[in-house]
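Participant: One structure follows; several queries about it will come next.
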Amino acid sequence: MNYDKEYFFNFDDYIKAEKNQPIPLVSYGEIKFDFYEMIFKNGVRVFLLGSMKELKAFYNYCGYKSDRVPFYGAVSDIIERVSFETLKRTPRDFIELCEQSADDKKYGMLYVPFKLSWETED
């Protein structure tokens, strides 16, 4: 039997690819990130973190544009318009989802890959 060599994994190529992987997101300055991420079908991402200081550092590290982050702060403070338009959930459902997913992460940030259709609130 003849086998095509390209079908088989070359260990040297694996080592090269492994060395070229980006460094994982773990810290920003003196702050070490410990976050929980949820990704929804419509592309919305929710990041849950343990403190406001950690959340601010995470936001700065990611460098998201402000129009893509309609919510940033204590999960319990999310407003109905944002939670419903981005996740199609009421604030209560969203808060329960966050509490079930990550007990000790009380602060969160939403990243939205689309523009919200409603006017922004002051």
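The values are calculated or read from the model by the stated rules, or taken from the named source; none is laboratory data. Computed from a prediction, not measured in an experiment: that's the story for all the values here. Cβ sites come from the backbone with ideal geometry, for glycine too, and all protein chains shown count toward neighbours.
Participant: Out of segment 43-59, which residues are under 13 Å from the mean Cα position of the chain (by Cα) and of a type outside the set (A, V, I, L, M)?
Facilitator: 43, 45, 47, 58, 59
Participant: Restricting to strands (runs of 3 or more DSSP E) lying wholly in segment 28-122: which have 3 or more residues that are touching a helix residue (DSSP H, G or I) at 6+ places or on another chain (Cβ under 8 Å)?
Facilitator: Result: 45-49, 71-74, 107-111.
Participant: Do you know which of the residues in segment 13-64 that are at pLDDT 90 or above and among the basic types (Lys, Arg) is farthest from residue 116 (Cα to Cα)?
Facilitator: Selected residue: 53.
Participant: What pairs come out if I take residues in segment 89-108 that are among the hydroxyl-bearing types (Ser, Thr, Tyr) and pair them with residues that are assigned to a helix (DSSP H, G or I) whose C-beta lies under 9 Å away, six or more apart or interchain?
Facilitator: Hits for this filter: 90/80; 90/83; 90/84; 107/52; 107/54; 107/55; 107/75.
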